[in-house]
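Only one structure is covered here, and it is reproduced in the block below.
The values are calculated or read from the model by the stated rules, or taken from the named source; none is laboratory data. Because the structure is predicted, anything quoted here is derived from the model rather than measured. Cβ atoms come from the backbone with ideal geometry, glycine included; neighbour counts cover every protein chain shown. For the accessible areas, the whole protein counts, side chains as well, though only heavy atoms, and no ligand, DNA or RNA atoms are used. Shrake-Rupley method; radii C 1.70, N 1.55, O 1.52, S 1.80 Å.
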Amino acid sequence: MTNGRKSMDNMTWQEFQEWQRWDEFPERSDDPPLTVDPCFFYEGKEYYIIEYYGKYHIFNDKWVSLFSHENFLILLTTPIPLFHNKTFADVCSELDFD
(Lines give C-alpha, C1' and ligand atoms only; values in the text may rest on other atoms or scores of the structure.)
Protein backbone atom coordinates (compact mmCIF):
# COMPACT_ATOMS: atom_id res chain seq x y z
CA MET A 1 0.00 0.00 0.00
CA THR A 2 1.41 3.39 -1.00
CA ASN A 3 -0.21 6.61 0.18
CA GLY A 4 -3.58 4.91 0.51
CA ARG A 5 -3.49 3.41 -2.99
CA LYS A 6 -3.38 -0.34 -3.45
CA SER A 7 -0.83 -1.94 -5.74
CA MET A 8 -1.47 -2.04 -9.49
CA ASP A 9 -4.10 0.67 -9.56
CA ASN A 10 -5.02 2.76 -12.56
CA MET A 11 -5.73 6.42 -11.99
CA THR A 12 -6.80 9.38 -14.02
CA TRP A 13 -4.62 12.44 -14.53
CA GLN A 14 -6.76 14.25 -11.92
CA GLU A 15 -6.31 11.40 -9.43
CA PHE A 16 -2.57 11.45 -10.07
CA GLN A 17 -2.47 15.17 -9.21
CA GLU A 18 -4.45 14.48 -6.02
CA TRP A 19 -2.15 11.55 -5.14
CA GLN A 20 0.83 13.89 -5.52
CA ARG A 21 -1.05 16.41 -3.28
CA TRP A 22 -0.43 19.30 -5.67
CA ASP A 23 -3.37 21.19 -4.16
CA GLU A 24 -1.18 21.69 -1.07
CA PHE A 25 1.31 23.71 -3.16
CA PRO A 26 -0.71 26.41 -5.01
CA GLU A 27 2.37 28.62 -5.16
CA ARG A 28 4.03 25.95 -7.31
CA SER A 29 1.22 25.42 -9.83
CA ASP A 30 3.65 25.93 -12.73
CA ASP A 31 6.13 23.40 -11.29
CA PRO A 32 4.48 21.21 -8.62
CA PRO A 33 6.66 18.98 -6.44
CA LEU A 34 7.19 15.26 -6.74
CA THR A 35 5.77 14.08 -3.40
CA VAL A 36 5.53 10.36 -4.21
CA ASP A 37 8.06 8.54 -6.40
CA PRO A 38 5.81 6.62 -8.80
CA CYS A 39 6.52 3.18 -10.15
CA PHE A 40 4.30 2.23 -13.05
CA PHE A 41 3.90 -0.34 -15.79
CA TYR A 42 3.25 0.61 -19.40
CA GLU A 43 2.86 -1.95 -22.16
CA GLY A 44 4.16 -4.63 -19.80
CA LYS A 45 7.36 -2.80 -18.82
CA GLU A 46 8.27 -1.16 -15.52
CA TYR A 47 9.22 2.53 -15.16
CA TYR A 48 10.01 4.94 -12.35
CA ILE A 49 9.80 8.69 -11.89
CA ILE A 50 12.30 10.21 -9.50
CA GLU A 51 14.12 13.45 -8.85
CA TYR A 52 17.86 13.10 -9.29
CA TYR A 53 20.52 15.81 -9.51
CA GLY A 54 18.02 18.64 -9.77
CA LYS A 55 15.96 17.09 -12.57
CA TYR A 56 12.95 14.82 -12.77
CA HIS A 57 13.46 11.63 -14.75
CA ILE A 58 11.46 8.76 -16.18
CA PHE A 59 13.68 5.69 -15.81
CA ASN A 60 13.19 2.23 -17.24
CA ASP A 61 13.76 -0.93 -15.18
CA LYS A 62 17.50 -0.82 -16.04
CA TRP A 63 17.72 2.69 -14.52
CA VAL A 64 18.30 4.32 -17.88
CA SER A 65 16.81 7.80 -18.00
CA LEU A 66 14.39 7.98 -20.94
CA PHE A 67 13.28 11.58 -20.49
CA SER A 68 14.33 14.32 -18.08
CA HIS A 69 13.36 17.86 -17.27
CA GLU A 70 13.97 20.28 -14.42
CA ASN A 71 10.23 21.05 -14.28
CA PHE A 72 8.04 18.16 -13.09
CA LEU A 73 4.87 19.41 -14.80
CA ILE A 74 6.70 19.80 -18.12
CA LEU A 75 8.10 16.28 -17.74
CA LEU A 76 4.55 14.96 -17.43
CA THR A 77 2.94 17.12 -20.13
CA THR A 78 5.47 16.85 -22.95
CA PRO A 79 4.87 14.24 -25.67
CA ILE A 80 7.64 11.62 -25.62
CA PRO A 81 8.46 8.55 -27.72
CA LEU A 82 7.91 6.19 -24.77
CA PHE A 83 4.19 7.00 -24.91
CA HIS A 84 4.04 7.03 -28.73
CA ASN A 85 4.36 10.83 -28.76
CA LYS A 86 1.66 11.31 -26.17
CA THR A 87 2.22 12.74 -22.72
CA PHE A 88 2.27 11.02 -19.35
CA ALA A 89 -0.91 12.99 -18.61
CA ASP A 90 -2.53 11.61 -21.79
CA VAL A 91 -1.78 7.98 -20.96
CA CYS A 92 -2.04 8.20 -17.16
CA SER A 93 -5.27 6.17 -17.04
CA GLU A 94 -3.58 3.39 -19.08
CA LEU A 95 -0.72 3.00 -16.58
CA ASP A 96 -0.67 0.44 -13.79
CA PHE A 97 0.81 2.01 -10.66
CA ASP A 98 2.60 -0.13 -8.13
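Please give the charge dipole size of the chain, origin at the Cα centre, charges +1 on K and R Cβ atoms and -1 on D and E Cβ atoms. Round to the nearest 20 debye. Could you put the intermediate results ahead of the total?
Working: 8 positive and 18 negative charges, 48 e Å.
Here the chain has a charge dipole of around 240 debye.
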Legend entry - Over the chain: helical MRE at 222 nm, DSSP H runs n ≥ 4 each giving -39500 (n - 2.57), nearest 500: -3500 deg cm²/dmol
Inset, instruction - Using a/c under 1.5 as the rounded threshold, could you call the chain rounded, prolate or oblate? The axes a ≥ b ≥ c are square roots of the C-alpha gyration tensor eigenvalues, and prolate needs a/b larger than b/c, oblate otherwise. - result: rounded
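If you add up the charges near Ile74, with Lys and Arg at +1 and Asp and Glu at -1, over every other residue whose beta carbon is less than 10 angstrom from its beta carbon, what do you get?
Details: positive: none; negative: Asp30, Asp31, Glu70.
Within the 10 Å Cβ shell, the charges total -3.
Lysine pairs in the chain with alpha-carbon atoms under 21 Å apart, 8 or more places apart or on different chains: how many are there?
Lysine pairs satisfying the spacing and distance rule in the chain number 4.
Using the heavy atoms of the protein chains and a 1.4 angstrom probe, tell me the accessible area per residue for the chain in square angstrom. Walk me through the numbers on the way to the answer.
Details: 5690 Å² over 98 residues.
Dividing the accessible area of the chain by its residue count gives 58 Å².
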Inset, instruction - Starting with the highest mean, order 30-36, 49-55, 89-95 by the number of other Cβ atoms within 10 Å, averaged over the residues of each peptide. - result: 89-95, 30-36, 49-55
Legend entry - His69, His57, His84, ranked by accessible area, largest first (probe 1.4 Å): His84, His69, His57
Inset, instruction - Compute the relative contact order of the chain as a whole-number percentage, counting only Cα pairs closer than 8 Å that sit 6 or more residues apart in sequence. - result: 30
Inset, instruction - With the full set of protein chains in place, find how many percent of the accessible area of the range 17-98 is carbon and sulfur; take the probe as 1.4 Å. - result: 49
